[in-house]
1. It is to be established whether one or more residues within the stretch 165-178 are closer than 25 Å to K43 by Cβ and touching a Lys or Arg at 6+ places or on another chain (Cβ under 7 Å).
2. From the list L9, L49, L4, which residue is without any contact (Cβ under 8 Å) to a residue 12 or more places away in the chain, in a helix (DSSP H, G or I) and surrounded by 10 or more Cβ atoms within 10 Å (Cβ to Cβ)?
3. Can you go through G185, G211 and tell me which one is touching a residue at least 12 places away in the same chain (Cβ under 8 Å) and within 23 Å of S140 (Cβ to Cβ)?
4. Can you name the residue in the stretch 166-201 that is β-branched (V, I, T) and assigned to a loop (DSSP other than H, G, I, E, B) and is also nearest to G127 (Cα to Cα) among such residues?
5. Give just the number: which of (1) within 14 Å of F128 (Cα to Cα); (2) in contact (Cβ under 8 Å) with a residue 12 or more places away in the chain does E220 not satisfy?
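Bear in mind these aren't lab numbers, they're just calculated from the coordinates by the rules spelled out. Note that the structure is a prediction, hence the values are computed from the model and not measured. Virtual Cβ from ideal backbone geometry, glycine too; neighbours counted across all protein chains shown.
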Amino acid sequence: MEELKKIILRVVAILLITFLPCAALLVVYFYTAPKIAEYYDVKEKRAVLDIFHIPYRTTEKKLIGFTLKSYDKKDIKDVFRENITVEDLSAVSWEIQPAGTQTAEVKPMSGKRIFKYVKDGKLQGVGFVESKMGYGYNKSSIMSLFICVEPDLETLKGIEVLDHSETPGLGGRITEDQFKKQFIGKKLRPKILVVKGRKAEGDNEVDAITGATNTSKGIEAFLNDAMKEFWEGQGDIKW
């Protein structure tokens, strides 16, 4: 009988040891999941607004010689809703529509969301978020970009890096404005080229990041593959 009690106590102890950490992890997950989702949602909306140069409320504070910038999440969401139209690629319409007529608040099962910006009755451009595995230096992680093109669908309006796992100070420099600004106005046909060893001169060429050849070539392949898929997704729709 005494031996049975010991066995029961050991079983209970093992169950408690495994249950309590799992329960704690679940609590943390359910607490942080909505916050993480909101963070990425706001980050994506900021990327769209930044590409189209649509201002939103920010505040800056100086602390021990550093400038800390914070963003008004509610204002970002409001400005985005007032200016950007979001549609499912499979049901996208190239007609001018008023902002706020979103048909794809979340990523649809059928494919990408298309972000469109109209100003003074004129289309300013369209963009989409693309996430791919195996690009850049760290080929075991996902890279995510917001890619925006002019109404001709062949000229880059700009790119924003939403997620990556490249080496800080090397491949991680893809987030720097100096690198990203090179893509503005570049031609996507026949394809984007990231050049090394010489100065980029062509209307479809940008300079590689020094010391980060794999990441630079990864961005090149990423953009070309993403745009090929985007163009193919247009079907018979003409701009």
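1. Within the stretch 165-178, none of the residues are closer than 25 Å to K43 by Cβ and touching a Lys or Arg at 6+ places or on another chain (Cβ under 7 Å).
2. Of the residues listed, the single one that is without any contact (Cβ under 8 Å) to a residue 12 or more places away in the chain, in a helix (DSSP H, G or I) and surrounded by 10 or more Cβ atoms within 10 Å (Cβ to Cβ) is L9.
3. G211
4. Among residues in the stretch 166-201 that are β-branched (V, I, T) and assigned to a loop (DSSP other than H, G, I, E, B), the one nearest to G127 (Cα to Cα) is I184.
5. Among (1) within 14 Å of F128 (Cα to Cα); (2) in contact (Cβ under 8 Å) with a residue 12 or more places away in the chain, E220 violates only (1).
Yes or no, residue by residue, for (1) surrounded by 14 or more Cβ atoms within 10 Å (Cβ to Cβ); (2) in contact (Cβ under 8 Å) with a residue 40 or more places away in the chain; (3) over 20 Å from I209 (Cα atoms):
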| residue | (1), (2), (3) |
| --- | --- |
| Y135 | yes, yes, no |
| N138 | yes, no, no |
| S141 | yes, no, no |
| I147 | yes, yes, no |
| E150 | yes, no, yes |
| T155 | yes, no, yes |
| I159 | yes, yes, no |
| G169 | no, no, no |
| I174 | yes, yes, no |
